[in-house]
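Below: one structure, written as structure tokens.
The values are calculated or read from the model by the stated rules, or taken from the named source; none is laboratory data. As the structure is a prediction and not an experimental result, all values here were calculated from the model. Virtual Cβ from ideal backbone geometry, glycine too; neighbours counted across all protein chains shown.
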Amino acid sequence: MEELIFEKESINKEIKPTPIQPNPRVKGGYFVIGQTPPDELFISEEFEEDEQMVGELIRDFCIKEIQEPFFKNGKELIVTNEKDKTEVLSILKKAGKLGLCGVSIPEEYGGMGLDFKTNTLISYNLAHGFSFATTLGAQTSIGCLPLVYYGNEAQKSKYLPKIATAEYVAAYALTEPNAGSDANAGKTKATLSEDGKNYILNGQKIWITNGGFADIYTVFAKIDNDKKLSAFIVERNFEGFSVGAEEKKLGIKGSSTVQIFFDNCKVPVENLLGKREGGFKMALNILNGGRIKAGSGGVGGAVNALDLSIKYTSERKQFNKSISEFGAIQYKIGNIATQIFAVESTCFRTANLIDQKEAELKSTGMVDNEAKVKAIREFAIEAAIVKVKGSELACFGVDEAIQMHGGMGYSAETGLGMGYRDARITKIYEGTNDINSMLAVGELTKRGVVTKELDLMGAGRKIPGFVASQMNPFRNQSIASEQNRVVQGLKNTFLFVSGMAGRMLKKKLIDEQEIILNLSTILQEAYVCDSVLLKIKKLQRKDGYDDKKLAVQQKMVQLYLYEAQETARKAALEAVASFAEGRKKRTYTKMVNRMLKPLDINPKALRRIIAQYCIEQGKY
């Protein structure tokens, strides 16, 4: 592999930005209340050649440095001692030489300065590196982004060029023994020294990715009696800082995970990162971006598992034919491929929305860092959904892959056992899926009820007209109109059930987490279905696109909408049964069933067509 070099024409004169007309559809949560034209959707087929090259470089790097020397020989990348750490660091430094550690770092500090959607593509391909994806992912995301977004010029100049080359390994320290999802409950304290030159840190942090060999850490602590966290840049060699032993983990064993301790640790005052008490918002914003990348990585992991399964089942013969010819195997391949196509469309849609919002904000004169942070914050709802759906797909895909491999799936040489254990953490880090699911509903509700950014009430008033249209025997029942009906039905079901739950339970709804999780399931499927339907509409208009491939992808959309509608109906009816009784329960149930009428398709036939196409191609 050759080093990828990006050259851009240098501009010496200052250019004032031309304001971009704000697009009302580039708004977090808009998908619930409005319609997006297909042409405004970004799809993965639109990546430029140089962007695709970066993705391919990552994938090829992971195959050469991780897959071929390790799991194909029945080995596993493990960090347990200094020798193991040296091996992992060696791979990370090779990535640094290729520029892969600087993908999120601006060019003026030695990085590539890639946009968010290209970084999302990188996360997608990085999944081929199994647990190394966590190591490199932390370096390029939570390890460096606090500095990129919040660092001053001196801090950026000092640290970012070395992170970009992997001369410095970076880590992020937020979680504590009694402060996980409630991050602001952390007990690590910082006090100003008598001479005013240092902050003195005391406390501990747990689950620190890259912590065993990191050189710098972004550490969150409360100064004196502050109510909110502040952030500090802590170097490994600072007095009073120490690192614990490597954690014994279920998976991601090739990633260093340790506790770190602060015993009167001296941190120079100039290493305060951002503003005092600005750490809590900083942590949330960093996590929002990380959630999209985690979701994209989950999709990439499912692709890797599916590719291995297609190859194995095509070669494995039983009863004188390849097992890929059997319906039970095709059922699994068809399901995984369909979910990959749908969730992938959601990942890149969201990433591009962030890029669009960032460009819009910059055009008003907003500085780069602030524009990046605000753009990511804008799509907190969508980020949470992408994280949940992508991580669920990673776990589902690798589990089904093991099943298709049969006994061989349990063998270390396939690498699926490692993938199975590595995938499980994706439902936990960057905020557990339960927290993210509830966050999506809570954030959407806040924007509709408290800040009034989204006209949820106005969208809800259109529901009776939608229901009435479904009762018209002369309505258009073409495939396209029925697919539109499913997507709108999902949105309306969320608005209706959440509205009725809010009306009946009022402020008590916040404590009914089971109902909120039901609502989130509907919301998630509404966003994914909206995204995948927009994608197929855009592909249908794409000149020169492969007709055979398009026909299969159209069937993927039909199948995904069919499955998603059933998932959402179950969640909606369970929510209704949890807050309504008697006549109201019967009325609400009837409304849900009218809005979520099943698609008239043959799911078995669709799965077989999808699976047979993938088997023919030899990959997803």
Q. When only residues in region 124-153 that are of a type in the set (S, T, N, Q) and under 18 Å from the mean Cα position of the chain (by Cα) count, which is farthest from N369 (Cα to Cα)?
A. S131
Q: Could you identify the single residue in L284, L250 that is among the aliphatic types (A, V, I, L, M), closer than 27 Å to I122 by Cα and outside the structural domain of E194 (by TED's automatic domain parsing)?
A: L284
(Q) Can you say whether K227 is more than 25 Å from V367 (Cβ to Cβ), in contact with a strand residue (DSSP E or B) (Cβ under 8 Å, 6 or more places away or on another chain) and not aliphatic (A, V, I, L, M), as far as the supplied structure shows? (A) no
**Q.** Residue pairs meeting the criteria (Cβ under 9 Å; at least 6 apart or on separate chains; first without any contact (Cβ under 8 Å) to a residue 60 or more places away in the chain, in region 481-500; second of a type in the set (S, T, Y))
**A.** S498/T445
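Let's see how each residue does on (1) surrounded by fewer than 15 Cβ atoms within 10 Å (Cβ to Cβ); (2) under 30 Å from E413 (Cα atoms); (3) basic (K, R):
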site	(1), (2), (3)
E49	yes, no, no
R59	no, yes, yes
E65	no, yes, no
E76	no, yes, no
I122	no, yes, no
A133	no, yes, no
Q. Given region 140-233, what strands (runs of 3 or more DSSP E) lie entirely inside it while holding 2 or more residues that are touching a Pro at 6+ places or on another chain (Cβ under 8 Å) and in contact (Cβ under 8 Å) with a residue 12 or more places away in the chain?
A. 198-209
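Residue-wise test of (1) over 19 Å from K538 (Cα atoms); (2) modelled with pLDDT under 95; (3) touching a Gly at 6+ places or on another chain (Cβ under 9 Å); (4) in the same structural domain as T414 (by TED's automatic domain parsing).
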| site | (1), (2), (3), (4) |
| --- | --- |
| N12 | yes, yes, no, no |
| I15 | yes, yes, no, no |
| P19 | yes, yes, yes, no |
| P24 | yes, yes, yes, no |
| Q35 | no, no, no, no |
| E46 | no, no, no, no |
| M53 | yes, yes, no, no |
| E65 | yes, yes, yes, no |
(Q) Within region 383-478, considering only helices (runs of 4 or more DSSP H) that don't extend past its boundaries, which have at least 3 residues that are more than 23 Å from V497 (Cβ to Cβ)? (A) 416-424
**Q.** Filtered residues of region 265-296 (kept if small (G, A, S) and without any contact (Cβ under 8 Å) to a residue 60 or more places away in the chain)
**A.** G279
Q: Within region 265-294, work out how many residues are touching a Pro at 6+ places or on another chain (Cβ under 8 Å) and under 15 Å from N119 (Cβ atoms).
A: 1
Q. So how many residues does region 441-458 have that are of a type in the set (D, E, K, R) and under 15 Å from F379 (Cα atoms)?
A. 4
Q: For G96, state whether it is over 18 Å from V373 (Cα atoms) and crowded, with 18+ Cβ neighbours inside 10 Å.
A: yes
Q: Considering each of I208, I223, I200 in turn, give the residue that is within 23 Å of N81 (Cβ to Cβ) and modelled with pLDDT of 95 or more.
A: I208
(Q) Against the condition at negative phi, touching a helix residue (DSSP H, G or I) at 6+ places or on another chain (Cβ under 7 Å), surrounded by fewer than 17 Cβ atoms within 10 Å (Cβ to Cβ) and at pLDDT below 95, how does N178 come out, does it pass? (A) yes
Q. Does any residue of region 337-355 turn out to be touching an Asp or Glu at 6+ places or on another chain (Cβ under 9 Å) and over 25 Å from Y620 (Cβ atoms)?
A. yes
Q) Can you find even one residue in region 343-361 that is in contact with a Pro (Cβ under 8 Å, 6 or more places away or on another chain), over 22 Å from C144 (Cα atoms) and not assigned by TED's automatic domain parsing to the domain that holds I142? A) yes
Q | Selection count where residues are touching a helix residue (DSSP H, G or I) at 6+ places or on another chain (Cβ under 9 Å) and at positive phi, scope region 518-545 | A | 0
Q) Does F341 count as over 16 Å from K293 (Cβ atoms), among the hydrophobic types (A, V, I, L, M, F, W, C), modelled with pLDDT of 95 or more and surrounded by 19 or more Cβ atoms within 10 Å (Cβ to Cβ)? A) yes
Q | Within region 354-379, considering residues that are in a helix (DSSP H, G or I) and among the β-branched types (V, I, T), the one surrounded by the most Cβ atoms within 10 Å (Cβ to Cβ) | A | I354
**Q.** Conditions (1) assigned to a loop (DSSP other than H, G, I, E, B); (2) under 18 Å from the mean Cα position of the chain (by Cα): number failed by E277
**A.** (2)
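Condition check ((1) without any contact (Cβ under 8 Å) to a residue 40 or more places away in the chain; (2) closer than 21 Å to I601 by Cβ; (3) crowded, with 20+ Cβ neighbours inside 10 Å) across all residues:
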position	(1), (2), (3)
P473	yes, yes, no
Q477	yes, yes, no
K508	yes, no, no
L523	no, no, yes
Q: Output the qualifying pairs, or none if there are none: Cβ atoms under 9 angstrom, residues six or more apart or on different chains, first residue in region 250-264 and surrounded by 23 or more Cβ atoms within 10 Å (Cβ to Cβ), second residue in a strand (DSSP E or B) and basic (K, R).
A: I260/K205; F262/K189; F262/K205
